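Peer 1: This structure is in structure tokens; I'll ask about it shortly.
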Amino acid sequence: AKDPTIDQRGCVFVPHVLVIKKGQKVKILNPDGISHNYHWSSKENPSDNKTIAKFKKELMVPSEGGFEKPEFIRAVCDIHPWMVGYIAVMENGYATVTDAKGAFKIEGIPPGKYTVACWQETLAKEPVVQEITIEAGKPASLRFALAKK
């Protein structure tokens, strides 16, 4: 998306996980009529802590540039500590979030050999990776099995 967006609607980050390409900024919305906070800690990109007052309806982050390095970034609202979300900064646009059943589809991938990573906040603290070969005109599938340790 041109302006990837996280909504702080009803004291919940929506979506819970936002996938962006490196170099993009993120628009943070606050329609709730109360103050929120967007505090993210990053290993590869600058960390920041921004308050979005109840009268301010949106904020672009980061302030300068974009998220330049691929990584999974955890964000919280310091005012409402149950609010937790993630920004997945990806090298390219071939990424998605699974549906409620864990299924996913990525279309338009050129033929070739790829490394696919799967991440889940409680079952895979670090991405689990598999190799896949995409052949022209043929569907391909992967199955990741994650188990709580």
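Readers should treat all values here as calculations from the given coordinates under stated rules, not as data from a laboratory. None of these values were measured; they are calculated from a predicted model. Cβ atoms come from the backbone with ideal geometry, glycine included; neighbour counts cover every protein chain shown.
Peer 1: Can you tell me which residues in the stretch 8-23 are crowded, with 17+ Cβ neighbours inside 10 Å and either among the polar types (S, T, N, Q) or over 21 Å from Lys105 (Cβ atoms) (or both)?
Peer 2: Listed by number, the residues that qualify are Gln8, Phe13.
Conditions (1) over 13 Å from the mean Cα position of the chain (by Cα); (2) among the β-branched types (Val, Ile, Thr), marked per residue:
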position: Gly23; (1), (2): yes, no
position: Ser35; (1), (2): yes, no
position: Ser63; (1), (2): yes, no
position: Phe67; (1), (2): no, no
position: Met83; (1), (2): yes, no
position: Val89; (1), (2): no, yes
position: Phe104; (1), (2): yes, no
position: Thr115; (1), (2): yes, yes
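Peer 1: While we're looking at this one, here's another question. Within the stretch 79-102, can you find the residues that are loosely packed, with under 13 Cβ neighbours inside 10 Å and touching a strand residue (DSSP E or B) at 6+ places or on another chain (Cβ under 7 Å)?
Peer 2: Residues of the stretch 79-102 that are loosely packed, with under 13 Cβ neighbours inside 10 Å, as a first pass: 81-82, 91-93, 97, 99-102.
Once the filter is applied, which keeps residues that are loosely packed, with under 13 Cβ neighbours inside 10 Å and touching a strand residue (DSSP E or B) at 6+ places or on another chain (Cβ under 7 Å), the stretch 79-102 yields Asn92, Gly93, Val97.
Peer 1: Return a yes/no flag: does the stretch 93-111 have any residue that is closer than 21 Å to Val12 by Cα, touching a residue at least 60 places away in the same chain (Cβ under 8 Å) and of a type outside the set (Phe, Trp, Tyr).
Peer 2: Yes - at least one qualifying residue is present in the stretch 93-111.
Peer 1: Just to be sure, is Glu44 over 15 Å from Phe144 (Cα atoms) and exposed (fewer than 12 other Cβ atoms within 10 Å of the Cβ)? So that I can check it myself, show each step before the final result.
Peer 2: Working: over 15 Å from Phe144 (Cα atoms): yes; exposed (fewer than 12 other Cβ atoms within 10 Å of the Cβ): no.
Taking the combined requirement at face value, the residue does not satisfy it.
Peer 1: Can you tell me which residue is surrounded by the most Cβ atoms within 10 Å (Cβ to Cβ) among those in the stretch 49-78 that are within 14 Å of Val26 (Cα to Cα) and small (Gly, Ala, Ser)?
Peer 2: Among those residues, the one meeting the criterion is Ala75.
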